[in-house]
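Below you'll find the structure, written out as structure tokens, and then a few comments.
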Amino acid sequence: MTADALTDVAGLRVGHATRAGGGWLTGTTVVLAPEGGAVAAVDVRGGGPGTKETDALDPRNVVQKVDAIVLTGGSAYGLDAASGVMAWLEEERRGVPVGPDPAHVVPVVPAACVFDLGRGGNFRARPDAATGRSAVEAAAASGPGARVAEGGVGAGTGAVVGRFKGGVGTASTVLGPGITVAALVVANAAGSAVDPETGVLYGELFQGRVEYPQERVHEAARRRLDESAGGNAPAPLNTTLAVVATDADLSKAQAQKLAGTAHDGIARAVRPVHLLNDGDTVFALSTGGRSLDAHPLALNEVLAAGADVVTRAIVRALRAAESAAGPGGVWPSYGELYGKD
């Protein structure tokens, strides 16, 4: 039985650190790789990204594997959360060896941030190294294949998608050759995930038959959104982040291709995307447990599945989110306005 989560890729663990209340509405999420690390790559499509250590993931560069990926709130300030993850990894002697002493390592911890500054009321309330450490410790303490909390947790605590509350979502699938592909997203976008004419989630249009909301439900939802709009002007700086992972044995170049095609999953679920003020970023991880040699066409299946699970993870983020209110605004959840199912 699977968790339908990123943790279905054997060896991966996820931990959240959440800060809400007292001016806070932010947090950090860490994806922890198995011992020995995972092949990693990245594709950045947004025009206003906030990232750390992404150059190390270029296939032309020396670093082959990473031990953790950090997704965080707090805009560029929140990237400090990666320092706490680095410190924890160093204590665990995990990282790139740089000397004869096993303790001499340099952990490479790529990170990306979303904009949520001030949404809890305090502009200076944002993740730091201690937040990152809490998140990686939570990941390490979780069991193999553990379920992953979704909605307003971790880096999704202060996330907003259009006029709705956003958050964290995750999903997985198993392909015919037995290869697992999974994704975890932080849905926080200036664009909308909801068709304004019908109220259906764009991402659900790619999942087969859709049961459209009743017209009276949709009209009531639109009125609620209009009422909350005065204190809920969309921030001009937004980002959707994703980590797509597989147990297929990928090279860094193949992982980079996976990160690129996975952006299609964002474009299906959010409109518009990849704007100048977005920082849309997708990381790809390969744990390498399953060879593709016997399945020459399986790589294309992995690439297609990466986009599919990203779309589904965004839908789950919107479905799992709870409404949030504070001095920074009022953000109704999709579930509150349209129902959970």
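Give the accessible area for HIS104 in Å² (nearest 10); use a 1.4 Å probe, count only protein heavy atoms, and leave out ligands, DNA and RNA.
Estimated to the nearest 10 Å², HIS104 gives 90 Å².
Where does the longest stretch of the chain lie that holds no GluC sites (Glu not before Pro) found in a DSSP loop with 11 or fewer other Cβ atoms within 10 Å?
In short, 36-196.
In 5 Å bins starting at zero, report the fraction of Cα pairs in segment 121-169 per bin as a rounded %.
Final binned percentages: 5, 16, 19, 25, 18, 10, 5, 1.
Positive end of the charge dipole of segment 195-340 (Lys, Arg +1 and Asp, Glu -1 on Cβ, about the Cα centre): tell me which of SER251, VAL210, GLY329 has its Cα farthest that way.
Value: GLY329.
Using the Cα centre as the reference, give the magnitude of the dipole from point charges on the C-beta atoms of segment 252-306 (Lys, Arg: +1; Asp, Glu: -1; all else neutral), rounded to the nearest 20 debye.
I would put it at about 20 debye.
Of all trypsin sites (Lys or Arg not before Pro) in segment 42-142, which ones are in loop regions per DSSP and have a Cβ with at most 11 other Cβ atoms within 10 Å?
ARG60, ARG124
So how long is each side of segment 57-161 along the principal axes, counting just the alpha-carbon atoms, biggest first, in Å?
49, 30, 26
Please compute the net charge surrounding GLY118, taking Lys and Arg as +1 and Asp and Glu as -1 over other residues with Cβ under 14 Å from its Cβ.
+3
Quick one: length gained pulling ALA141 to ALA253 fully straight, 0.36 nm per residue minus the C-alpha distance?
Taking ALA141 through ALA253 to full extension adds about 37.2 nm, to one decimal.
Excluding GLY169 itself, what net charge comes from residues whose Cβ is under 10 Å from its Cβ, given Lys and Arg +1 and Asp and Glu -1?
+2
So with the 1.4 Å probe, I'd like the accessible area per residue for the chain, rounded to whole Å².
That works out to 40 Å² per residue.
Would you mind getting me the FRET efficiency between HIS104 and ALA10? Use the beta-carbon distance for r and R0 = 25 Å, nearest 0.05.
0.30
Carbon and sulfur atoms: what percent of the 1.4 Å accessible area of the chain do they account for?
51 percent
Could you calculate the contour length gain from ASP293 to VAL217, that is, 0.36 nm times the residue separation minus the distance between their Cα atoms, to one decimal place in nm?
22.2 nm
Keeping all protein chains in the complex and leaving out DNA, RNA and ligands, what accessible area do you get for ARG312 with a 1.4 Å probe, in Å² to the nearest 10?
Result for ARG312: roughly 60 Å² accessible.
Taking only C-alpha pairs under 8 Å that are 6+ residues apart, what is the relative contact order of segment 196-341 in percent?
Computed value for segment 196-341: 31 percent relative contact order.
Among (i) -0.79, -0.95, -1.12; (ii) -0.52, -0.75, -1.02; (iii) -0.57, -0.84, -1.18, find the value of log10 I(q)/I(0) by the Debye sum over Cα atoms at q = 0.10, 0.12, 0.14 Å⁻¹ that was calculated from the structure presented, and write down its label.
Matching the structure shown: (ii).
For segment 71-142, what relative contact order do you get, as a whole percent, if you take Cα pairs closer than 8 Å and at least 6 residues apart?
Value for segment 71-142: 45 percent.
Determine which residues of segment 164-180 fall in the zone a paramagnetic label at GLU336 would reach in this model, i.e. backbone nitrogen under 13 Å from the point 7 Å along Cα→Cβ.
164-166
Once you place label points 7 Å from the Cα toward the Cβ at VAL62 and GLU91, how far apart are they in nm?
In this crude spin-label approximation the distance works out to 2.8 nm.
Once you put a point 7 Å from the Cα of GLU322 and another 7 Å from the Cα of ASN300, both along the Cβ direction, what distance in nm separates them?
Inter-label distance under the simple model: 4.6 nm.
Sequence gap at least 6, Cα distance under 8 Å: using those rules, report the relative contact order of the chain to the nearest whole percent.
24 percent
Straight-line reach from LYS52: which lysines have a Cα under 21 Å away, not including same-chain ones fewer than 8 places off?
Those lysines meeting the cut-off are LYS65, LYS252, LYS257.
Give me a comma-separated list of calculated 3J(HN,Hα) values for segment 24-37, in order, Karplus coefficients 6.51, -1.76, 1.60 applied at θ = phi - 60°, integers in Hz, x for any Gly or Pro.
9, 7, 6, x, 9, 10, 10, 9, 9, 7, x, 3, x, x
How much net charge surrounds GLY99 when only the other residues with a Cβ under 14 Å from the Cβ of GLY99 are counted, with Lys and Arg +1 and Asp and Glu -1?
Here the count lands on -1.
Show me 265-271, 163-169 ranked by packing, highest mean number of other Cβ atoms within 10 Å first.
163-169, 265-271
The values are calculated or read from the model by the stated rules, or taken from the named source; none is laboratory data. These numbers come from a predicted model, not from an experiment. Cβ: placed from backbone, ideal geometry, glycine included. Neighbour counts: every protein chain shown. Remember, those area values only see protein heavy atoms, side chains included, never the ligands or the DNA or RNA. Shrake-Rupley method; radii C 1.70, N 1.55, O 1.52, S 1.80 Å.
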